[in-house]
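Worksheet for the structure shown next.
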């Protein structure tokens, strides 16, 4: 399969979720900009709330992700399926941390 063929398949796979990806990107950029205006840096010590709720959001993503994609846990059978589910949940966890940490900094900098 050529690179163009692979990109075509990927494009048609993400096309129904493109609006959601753009909203998530806008929320991430807005949170980062708002935090950095108030002095947030990547390795700041603020953000206990984020370190508590980020993994909780990731665990909830692990539980509900098959349902979001019109599937169920019974169809998660192969190791590739489990790796995709775990990888998606880890991605949601990192995204939650990247959004919540600057917001926690804003809350503590009043």
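Structure notes:
- Here the convex hull built on the C-alpha positions of segment 2-58 has a volume of 137 cubic angstrom per residue.
- Relative packing of 96-103, 15-22, 78-85, which averages over residues the other C-beta atoms within 10 Å, highest first: 96-103, 78-85, 15-22
- In degrees, nearest ten, helix 48-68 long axis to first principal axis of the chain (Cα): 20 degrees
- With respect to the chain, whose longest principal axis is taken over its alpha-carbon atoms, helix 3-14 is tilted by about 70°.
- Amide N proximity, segment 68-110 versus residue 49 label position 7 Å along Cα-to-Cβ, cut-off under 12 Å: 100-110
- Footprinting exposure proxy for 42, 104 (fewest neighbouring C-beta atoms within 10 Å first): 42, 104
- Tilt relative to the chain, helix 79-108 - C-alpha long axis, 0 to 90 degrees, to 10: 20 degrees
- For the chain, dividing the convex hull volume of the Cα atoms by the residue count gives 138 Å³ per residue.
Read the figures in this text as sums done on the coordinates, not as results from a lab. This structure is a prediction, so every number in the text was calculated from the model and none was measured. Heads up, the Cβs are rebuilt from the backbone with ideal geometry, glycines too, and the neighbour counts pull from every protein chain shown.
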